[in-house]
Amino acid sequence: MKSFLNTIRCDEKPISVSRQVVDTFAIILLGIALGTFSKFIDNTAVNELPFIFGYLDIGNFLGRFAIWVLIAICISIYSNSSIRAAINVFVFFVGMITSYYLYSKFVAGFFPRSYAMIWYGFTAISPLLAFICWYAKGKSKLSFAISSMIIAVLFNMTFFYSMTYFGMRSILELIAFICGLVALKRNTIKNTIIMTAIGVILAFILNLLVPFHLG
């Protein structure tokens with residue numbers, strides 16, 4: 001199994017235990033900070049925030065999935081190994097949803113249980129998704145396929161469409177999508193374009209099979 005995975009991506013780098021602890025601690029702090037910030041924005045009247053926050057609708061943007069998926073992708077592919085990717089993404093989401101819902105319960109005064117269950121489920125499967133995602137930056141055909149599938153998911157989080165219309169959720173989702181393309185870019189422009197094209201095709205197929213999006 002290990003040898004097979006090494007054929008997908010072979011640049012796994014061992015790091016010291018102390019470095020692992022520091023990295024994981026920093027990532028969970030990032031999750032806590034972003035979760036708290038997200039709920040603070042969500043719980044604050046628009047007219048009390050800087051104009052740009054309301055203009056870009058940052059509160060709703062942070063309440064959707066694209067930005068969090070992008071952050072998880074970046075944490076995954078830039079981790080030192082697939083196992084570290086799984087751990088790092090998991091602790092990020094644990095920190096994020098814990099701070100978000102503690103703020104929601106003890107500061108905002110309410111707890112959206114049904115919405116929380118979606119995030120709990122997403123957090124539970126995040127280590128497996130991160131483990132797979134780490135291999136997207138390899139040079140094999142399977143890595144190429146994984147990166148294309150990730151692009152498909154980001155595409156469907158950015159755009160909404162059918163046979164008769166096509167629209168974009170927001171400029172911030174578009175920026176997140178572009179950042180995802182940059183993070184997953186291949187070794188040549190040609191391969192990056194092919195990856196993106198395949199990702200878009202897969203997105204349309206997914207839209208037909210699974211019309212519900214985590215947008």
Checklist entry - Within segment 88-123, which residues are open to solvent by 70 Å² or more (accessible area, probe 1.4 Å) and at pLDDT 95 or above? => result Phe90
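Just a yes or no: is a residue in segment 180-198 surrounded by 11 or more Cβ atoms within 10 Å (Cβ to Cβ), in contact (Cβ under 8 Å) with a residue 40 or more places away in the chain and not in a helix (DSSP H, G or I)?
The answer is yes; a qualifying residue exists.
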Checklist entry - Among the residues of segment 151-158, is any open to solvent by less than 80 Å² (accessible area, probe 1.4 Å), over 22 Å from Arg84 (Cβ atoms), of a type in the set (Ser, Thr, Tyr) and part of a strand (DSSP E or B)? => result no
Next on the checklist: So if I check each of Tyr135, Tyr120, which one is within 16 Å of Val153 (Cβ to Cβ), in a helix (DSSP H, G or I) and not acidic (Asp, Glu)?
Outcome noted: Tyr135
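The values are calculated or read from the model by the stated rules, or taken from the named source; none is laboratory data. In this text the structure is predicted, and so the values were computed from the model without any measurement. Positions of Cβ are generated from backbone atoms using ideal geometry, with glycine treated the same way; all protein chains shown enter the neighbour counts. These area figures cover heavy atoms from the full protein model, side chains too; ligands, DNA and RNA do not enter into them. Shrake-Rupley method; radii C 1.70, N 1.55, O 1.52, S 1.80 Å.
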